[in-house]
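The values are calculated or read from the model by the stated rules, or taken from the named source; none is laboratory data. Computed from a predicted model, the values in this text were never measured in an experiment. Cβ placement follows ideal geometry from the backbone for every residue including glycine, while neighbour counts extend to all protein chains displayed.
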């Protein structure tokens with residue numbers, strides 16, 4: 001025995017099929033996007049920092065999640081160096097001789113150096 005579907009049942013069924021198809025497409029796109037990100041994510045090799053050769057004229061300090069430099073020569077390249085002597089960030093001092101390194105790992109100790117090996121009068125801690 002076959003039953004005839006009314007217009008309301010037919011439109012409700014096609015709406016459910018549409019929603020199921022939409023959910024499958026979204027899930028597939030999310031899966032493909034996640035695989036592409038994971039497949040291309042390679043661990044970043046950090047460069048070794050230059051040796052400290054002299055004391056710098058600038059100072060470096062830290063706050064929770066940030067490290068900052070004051071009194072550097074404007075335009076100088078500054079290197080944020082971790083405890084393992086690896087360069088984790090680089091940046092240039094602004095026109096006021098300042099540089100802020102944002103989103104630094106809280107609780108970690110860093111030094112700020114120049115490519116010539118100058119180290120500041122104080123070490124930056126992001127505690």
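Residues of the stretch 69-88 that are in contact with a strand residue (DSSP E or B) (Cβ under 8 Å, 6 or more places away or on another chain) and surrounded by fewer than 18 Cβ atoms within 10 Å (Cβ to Cβ): 70, 71, 75, 77, 82, 83, 85, 86, 87. Residues in the stretch 56-68 that are surrounded by fewer than 16 Cβ atoms within 10 Å (Cβ to Cβ), within 18 Å of residue 109 (Cβ to Cβ) and either at pLDDT below 90 or outside the structural domain of residue 115 (by TED's automatic domain parsing) (or both): 63, 64, 65.
Restricting 29, 46 to those that are surrounded by 10 or more Cβ atoms within 10 Å (Cβ to Cβ) and at pLDDT 75 or above reduces the list to 46.
Any residue in the stretch 91-98 that is surrounded by 15 or more Cβ atoms within 10 Å (Cβ to Cβ), within 17 Å of residue 66 (Cβ to Cβ) and modelled with pLDDT under 90? No; the residues of the stretch 91-98 include none that is surrounded by 15 or more Cβ atoms within 10 Å (Cβ to Cβ), within 17 Å of residue 66 (Cβ to Cβ) and modelled with pLDDT under 90.
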